[in-house]
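Every number in this text was worked out from the coordinates using simple rules, so none of it is lab data. Source: prediction; values computed, not measured. For neighbour counting, all protein chains shown are included, and Cβ atoms are generated from backbone atoms with ideal geometry for every residue, glycine included.
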């Protein structure tokens, strides 16, 4: 789940102090509005929507489904199963999927280089 996928079910009005009673403290969560889906529904013809997918199983299949379901022009797929991918460290391995049916897989690069690749794919405009 992404950071914005869930929010606390309720809010405590003050500080929750550490104590023996709350040693195994948990916070109930509720689903939030799907931001990418909402933006995709409102997307205009002259707008480009890029989504990101961190997948751990059926990676390509799930990323293609997400691209179509959320009305994206591009999905950048990160594998949760690959070393040097996702949230771990300064490197990433990405695959870029476009709504025209093309996909490009890239070797492991720095996250800065991945950002440059994504930007170039957007500028290419062949969705």
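Compute the separation of the alpha-carbon centres of the range 1-21 and the range 50-67 and state it in Å as a whole number.
29 Å
As a footprinting exposure proxy, order 57, 79 by other Cβ within 10 Å, with the fewest listed first. Could you put the intermediate results ahead of the total?
Numbers: 57 9, 79 21.
Listed from fewest to most nearby Cβ atoms, that is 57, 79.
Could you tell me the relative contact order of the range 1-66? Use alpha-carbon pairs under 8 Å, at least six residues apart, and round to a whole percent.
The value is 30 percent.
Where does the chain land on Rg(C-alpha)/(2.2 N^0.38 Å)? It would help to have the intermediate numbers written out before the result.
Details: Rg = 18.2 Å, N = 127, 2.2 N^0.38 = 13.9 Å.
Against the empirical 2.2 N^0.38 Å value, I get 1.31 for the chain.
May I ask what percent, to the nearest 5, of DSSP beta bridges between residues of the chain are antiparallel?
Antiparallel: roughly 70 percent of the beta bridges in the chain.
For the residues 55, 61, what sequence is obtained by ranking on other C-beta atoms within 10 Å, fewest first? All intermediate terms of the calculation are to be shown ahead of the outcome.
Values: 55 19, 61 10.
Lowest count first: 61, 55.
Contact order normalised by length for the chain, with contacts defined as Cα pairs under 8 Å and 6 or more residues apart; what percent is it?
16 percent
Report, in deg cm²/dmol and to the nearest 500, the calculated mean residue ellipticity at 222 nm for the chain, where each DSSP H run with n ≥ 4 adds -39500 (n - 2.57) and the sum is divided by the residue count. Don't skip to the answer; put the middle values down first.
On the way: 3 runs with 33 residues, N = 127.
Taken over the chain, the calculation gives -8000 deg cm²/dmol.
Please work out how much length the chain gains when fully extended from residue 54 to residue 32, using 0.36 nm per residue of separation minus the C-alpha to C-alpha distance, in nm with one decimal.
6.1 nm
What's the FRET efficiency of residue 105 with residue 43 using the Cβ-Cβ distance as r and R₀ = 35 Å, to the nearest 0.05? Mind showing how you got there, number by number?
Values: r = 26 Å, r/R0 = 0.74.
Between residue 105 and residue 43 the formula returns 0.85.
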